[in-house]
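Worksheet: the structure to be examined is printed underneath.
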Amino acid sequence: MSDLLRLRPATTPAMLAVFDDGATIAHALAFEAALARAQAAEGLIAATVAEHIGVVCDELVIDPAALATEAALAGTLAIPLVKRLRAALDRDGAAAVHFGATSQDLADTVLMLQAKAAAALVLHDCRRVTEALAVRAADHATRPALGRTLLQDALPIGFGLRLAQWLSGIDEAARRLARDIDAHAAVQLGGATGTRAKWSGRGEAVADRVAEALGLTPALPWHGRRGGVAAIASSLGIVIGALGKMARDVALLAQNAIGEAREPEVPGRGGSSAMAHKRNPTGCQIALAAATRGPGLVASVLGGMAQEQERGLGGWQAEGPVLAELFMIAGGSAEAMAGVAEGLEIDGVAIDRNLAAAGLGHDVGESSAMVTSILQDFRKAADAVRDTR
């Protein structure tokens, strides 16, 4: 069964690929290969056995549908996957594979690998949004426009300040997500009760080697400690909300009676099945739908934090699908609003007309100085990120 008609309108092909069955299986096999090689490096299993496990992990072909059916019965992906892996190995390899690890080690590590890849997509498109807004904000920093509070005409502002405020909110949210990914996209490796009991005191070294091989942050076992996953989910919710703020404003500005800004014309986008004259803000629609769904998904992750003792029942098992959905809608929102920002049409005639009709003058206060300050902070933060790479 395919559900692309439900998923694709809300996200991107690249994000779908991050979480598809093939990617999940590939990450799981990469975890097993990295674990074997790390244990061999620490003298826990033979190097020849580890290399054989790695080769089989690279070459093993698994039918996702059959694996899914078995995982549904077993309660975890690891059990049927490791069973298949052992069946493809010789006796020594079968005895050594997954040595001392537990199913949650595999599941959490796979989820963090996907989270890191997915966050890179979201952050890339957020950067497209903010770079485009920075140019427009500078261009319109001194243009007087009608400000609106509580959906009513208020005092004038610089039109560029409105754009700079969108930029600031999205950039701040994106930087928070980047920090949380760096801190919390961590390897999970602790064994049955998180004690690394079978590894002869070499557990920390093994975990560090696995983290390095997979490009994840080293960490002590965190099976029952879900604050890192909750932080990533919360940061995603804030990104989605910040993009939704911009989308709400663009949609309001695009109303026929206002007409100060609108989405770019894109073939096949924004039409109506019943009214040929309409130009619907469907990029904003994607972001606003995400902003509607996001808070409930974040709440689901937060609600699962009270996990039982060393490894919980039902809480962490709920996180994978929810976090995947959060990344899906965040990716769709960021990509849609990147297109809106890069092609945003600003109608100076409409801005001037609406301001004149309100009869509230042209004093925009310190709007221009605030735009300058926001853009300076934005560039400084971007330079700091580049300097750390």
Could you list all residues from region 90-107 that are polar (S, T, N, Q) and in contact (Cβ under 8 Å) with a residue 40 or more places away in the chain?
102, 104
Residue 212 vs. criteria in a helix (DSSP H, G or I), closer than 29 Å to residue 43 by Cα and either of a type in the set (Asp, Glu) or outside the structural domain of residue 370 (by TED's automatic domain parsing) (or both):
yes
With respect to residue 260, determine if the residue is more than 30 Å from residue 106 (Cα to Cα), of a type in the set (Asp, Glu) and at pLDDT below 90.
no
Just to be sure before I move on: is residue 192 of a type in the set (A, V, I, L, M, F, W, C), out of contact with any helix residue (DSSP H, G or I) (no Cβ under 6 Å at 6 or more places or on another chain) and not assigned by TED's automatic domain parsing to the domain that holds residue 317 in the structure I sent?
yes
State the number of residues belonging to region 1-32 that are buried (at least 16 other Cβ atoms within 10 Å of the Cβ) and more than 17 Å from the chain's Cα centre (by Cα).
8
Please report, ordered by residue number, the helices (runs of 4 or more DSSP H) entirely within region 1-92 with at least 3 residues that are among the acidic types (Asp, Glu).
47-59
Looking at region 336-389 only, could you name the residues that are part of a loop (DSSP other than H, G, I, E, B), farther than 25 Å from residue 175 by Cβ and touching a residue at least 12 places away in the same chain (Cβ under 8 Å)?
347, 360, 361, 362, 363, 364, 365
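Residue-wise test of (1) buried (at least 16 other Cβ atoms within 10 Å of the Cβ); (2) in contact with a helix residue (DSSP H, G or I) (Cβ under 8 Å, 6 or more places away or on another chain); (3) at pLDDT below 95.
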residue: 187; (1), (2), (3): yes, yes, no
residue: 212; (1), (2), (3): no, no, no
residue: 225; (1), (2), (3): no, no, no
residue: 242; (1), (2), (3): yes, yes, no
residue: 266; (1), (2), (3): no, yes, yes
residue: 271; (1), (2), (3): no, no, yes
residue: 280; (1), (2), (3): no, no, yes
All but one of (1) surrounded by fewer than 19 Cβ atoms within 10 Å (Cβ to Cβ); (2) assigned to a helix (DSSP H, G or I) hold for residue 181, so report the exception by its number.
(1)
Can you give me the number of residues within region 324-340 that are in contact with a Cys (Cβ under 7 Å, 6 or more places away or on another chain) and either more than 19 Å from residue 238 (Cα to Cα) or at pLDDT below 95 (or both)?
1
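Residues are listed down the side, and each one gets a yes or a no for (1) surrounded by fewer than 20 Cβ atoms within 10 Å (Cβ to Cβ); (2) at pLDDT 95 or above; (3) under 16 Å from the mean Cα position of the chain (by Cα):
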position: 285; (1), (2), (3): yes, yes, no
position: 290; (1), (2), (3): no, yes, yes
position: 298; (1), (2), (3): no, yes, yes
position: 304; (1), (2), (3): no, no, no
position: 309; (1), (2), (3): yes, no, no
position: 312; (1), (2), (3): yes, no, no
position: 318; (1), (2), (3): yes, no, no
position: 322; (1), (2), (3): yes, yes, yes
Where a residue in region 223-237 is closer than 12 Å to residue 322 by Cβ and in contact (Cβ under 8 Å) with a residue 40 or more places away in the chain and its partner, wherever it lies, is of a type in the set (S, T, N, Q) and in a helix (DSSP H, G or I), with Cβ under 9 Å and at least six apart
233/300
Residue 136: assigned to a strand (DSSP E or B) and modelled with pLDDT of 95 or more, yes or no?
no
Select from region 329-361 the residues that are within 14 Å of residue 153 (Cα to Cα) and touching a helix residue (DSSP H, G or I) at 6+ places or on another chain (Cβ under 7 Å) and list them in ascending order.
351
Taking region 139-177 only, how many residues are among the aliphatic types (A, V, I, L, M), surrounded by fewer than 17 Cβ atoms within 10 Å (Cβ to Cβ) and not in a strand (DSSP E or B)?
2
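The values are calculated or read from the model by the stated rules, or taken from the named source; none is laboratory data. Predicted model, so just to flag it, every value in this text is computed and none were measured. Glycine also receives a Cβ, built like all others from the backbone with ideal geometry; neighbour counts cover every protein chain displayed.
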